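Participant: Submitted below is the structure of interest, expressed as structure tokens.
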Amino acid sequence: MGAMATLMDVARLAGVSKATVSLALNGKRVNETTRQHVLDCAKKLNYVPNRIGRTLSTGKSGTIQLLVINSVKYINFFREISFFYHVLEGILTSAENHQYSLHFDVKNWEDDALPAYFDTKARDRTIDGMLIIPQFIRNYSFMPVLEQRGLPYVILDPCILDERVNSVKMDNYWGAKLVAELFLANNFSNIAMINGPKNHYDASERERGFTETLLEQGVHVRKPAVFYGDFSMKSGFAGMESILGSAKPEAVFCTNDYMAAGALRCLLSRGLRVPGDTALVGYDNTDVASTLYPQLTTVDNKMYELGKVLADSLFGIMEDAGRRAQTVLRPDLVIRETCPAPAAGKND
């Protein structure tokens, strides 16, 4: 096996300086023709950049981190549902475009060592920036650490409203509003809801958007018709059983597709037709939605785009320390079979 190619080898083959090779490989300012020529030469020599050397010369690790914070009180959302997979795809696309690696970690809010974890990450220079998915309505005690240590960060859907916090937000209120408007357009009034944990921020925003929109038109979702689950299929089935114990609703909104899948199974096991007897809508537009029978009407949260925008925002801050990220993405309603669009003239 021959010796590994060096930066100087690439420079000799390309006929440029080591500095130009370094700039081209790190995505810095060189013209596109030169950059592509250098990349072709590096590929021809099977050149692999020395990560340690890069860190020493640039002060950068070439790595960003994605941190998902769960709660021990509920299922591990990352393992049990595919939502994070599609977000991760978008993040990885952005990282690859910026020639960065991604480190992934999962922690729990109940972990006493969580504050120290943030302090260590902000000081040890193993990452250049952090993407945080906190999920739950909690006190973000890690914020002062990140700000004081100067570690670039972006939070997905923070529960705090502060323009100084770098964030990308899914407009969950808007998405749930679309579902409520669909139910109203179909003249449904006996409506139920299967939601995620009460202290999960996305779940709380979806409930608020749904119930407030219905209430504006005088439609109430009464307490027996609201069930709080944990975003799993099992809790969707249990929620539907609980709701059917007191009444048969005309329509049910489940705040993720997995609970909707469980609710659908429960309805069909009771001999109820969907949407003939009970209409059903999910949320997120995950792989589950289009594989169910009947196919699930749902809200498309644009999760790949969400992940890409999240990471792109972080790289923007890393390049310009004075920049702040404040982005909101609005979801779309995807009409399938479990709750069709209202027939023309139905509300006339």
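Participant: Out of THR278, THR286, I need the residue that is free of Cβ contacts under 8 Å to residues at least 40 places away in the same chain and touching a helix residue (DSSP H, G or I) at 6+ places or on another chain (Cβ under 7 Å). Which one?
Facilitator: Working: THR286 fails: free of Cβ contacts under 8 Å to residues at least 40 places away in the same chain.
The match here is THR278.
Participant: Does ALA192 meet the test of being outside the structural domain of ARG138 (by TED's automatic domain parsing), assigned to a helix (DSSP H, G or I) and crowded, with 23+ Cβ neighbours inside 10 Å? First the steps, then the outcome.
Facilitator: On the way: outside the structural domain of ARG138 (by TED's automatic domain parsing): yes; assigned to a helix (DSSP H, G or I): no; crowded, with 23+ Cβ neighbours inside 10 Å: yes.
In short, no.
Participant: For VAL309, indicate whether it is out of contact with any helix residue (DSSP H, G or I) (no Cβ under 7 Å at 6 or more places or on another chain), surrounded by 15 or more Cβ atoms within 10 Å (Cβ to Cβ) and at pLDDT 95 or above. Spell out how you get there, then give the answer.
Facilitator: On the way: out of contact with any helix residue (DSSP H, G or I) (no Cβ under 7 Å at 6 or more places or on another chain): yes; surrounded by 15 or more Cβ atoms within 10 Å (Cβ to Cβ): yes; at pLDDT 95 or above: yes.
So VAL309 passes the test.
Participant: Additional query: Can GLU305 be described as part of a loop (DSSP other than H, G, I, E, B) and among the charged types (D, E, K, R)?
Facilitator: Working: part of a loop (DSSP other than H, G, I, E, B): no; among the charged types (D, E, K, R): yes.
Criteria not met by GLU305.
Participant: Now for a separate question. Going by what's in this entry, would ASP171 be described as modelled with pLDDT of 90 or more and surrounded by fewer than 20 Cβ atoms within 10 Å (Cβ to Cβ)?
Facilitator: Numbers: modelled with pLDDT of 90 or more: yes; surrounded by fewer than 20 Cβ atoms within 10 Å (Cβ to Cβ): yes.
Spelling it out, ASP171 is indeed modelled with pLDDT of 90 or more and surrounded by fewer than 20 Cβ atoms within 10 Å (Cβ to Cβ).
Participant: Suppose we keep only residues that are of a type in the set (Gly, Ala, Ser) and assigned to a loop (DSSP other than H, G, I, E, B) within segment 312-343. Which one would you say is modelled with the highest pLDDT?
Facilitator: Start the filter on segment 312-343 by keeping residues that are of a type in the set (Gly, Ala, Ser), which leaves 313, 316, 321-322, 325, 341, 343.
Then drop every residue that is not assigned to a loop (DSSP other than H, G, I, E, B), which leaves 321-322, 325, 341, 343.
Working: ALA321: 73, GLY322: 76, ALA325: 87, ALA341: 90, ALA343: 71.
My answer is ALA341.
Participant: Can you pull out the residues in segment 195-216 that are among the small types (Gly, Ala, Ser) and either in the same structural domain as PHE136 (by TED's automatic domain parsing) or in contact (Cβ under 8 Å) with a residue 60 or more places away in the chain (or both)?
Facilitator: Of segment 195-216, the ones among the small types (Gly, Ala, Ser) are 196, 203-204, 209.
Those that are among the small types (Gly, Ala, Ser) and either in the same structural domain as PHE136 (by TED's automatic domain parsing) or in contact (Cβ under 8 Å) with a residue 60 or more places away in the chain (or both): GLY196, SER204.
Participant: Just need a number here: residues in segment 149-199 that are among the charged types (D, E, K, R) and within 22 Å of LYS308 (Cα to Cα).
Facilitator: Initially, segment 149-199 is screened for residues among the charged types (D, E, K, R), giving 149, 157, 162-164, 169, 171, 177, 181, 198.
Next cut, within 22 Å of LYS308 (Cα to Cα) only: 157, 163-164, 169, 171.
Residues in segment 149-199 being among the charged types (D, E, K, R) and within 22 Å of LYS308 (Cα to Cα): 5 in total.
Participant: Tell me which residues, restricted to segment 197-238, are in contact with a helix residue (DSSP H, G or I) (Cβ under 7 Å, 6 or more places away or on another chain) and either at positive phi or among the hydroxyl-bearing types (Ser, Thr, Tyr) (or both).
Facilitator: Scanning segment 197-238 gives THR213, PHE231, SER232, SER235.
Participant: Here's something else I'd like to know. Run down VAL179, VAL165 and say which single residue is modelled with pLDDT of 95 or more, of a type in the set (Val, Ile, Thr), in contact with a strand residue (DSSP E or B) (Cβ under 9 Å, 6 or more places away or on another chain) and closer than 27 Å to ASN256 by Cα. Explain how you work it out, then say what you get.
Facilitator: Details: VAL165 fails: modelled with pLDDT of 95 or more.
Matching residue, one of VAL179, VAL165: VAL179.
Participant: Of the conditions (1) over 16 Å from the mean Cα position of the chain (by Cα); (2) at pLDDT 90 or above, GLN99 satisfies every one except a single condition; which number is it?
Facilitator: Just one mismatch for GLN99, condition (2).
Participant: Further, regarding this structure: Does ILE160 meet the test of being more than 21 Å from ASN285 (Cβ to Cβ) and at pLDDT 95 or above? So that I can check it myself, show each step before the final result.
Facilitator: Details: more than 21 Å from ASN285 (Cβ to Cβ): yes; at pLDDT 95 or above: no.
No; evaluated as a whole, the condition is false for this residue.
The values are calculated or read from the model by the stated rules, or taken from the named source; none is laboratory data. All figures in this text were calculated on a predicted structure; none of them were measured in a lab. Because the Cβ atoms are built from the backbone with ideal geometry, glycine has one as well, and the counts that use them run over all protein chains shown.
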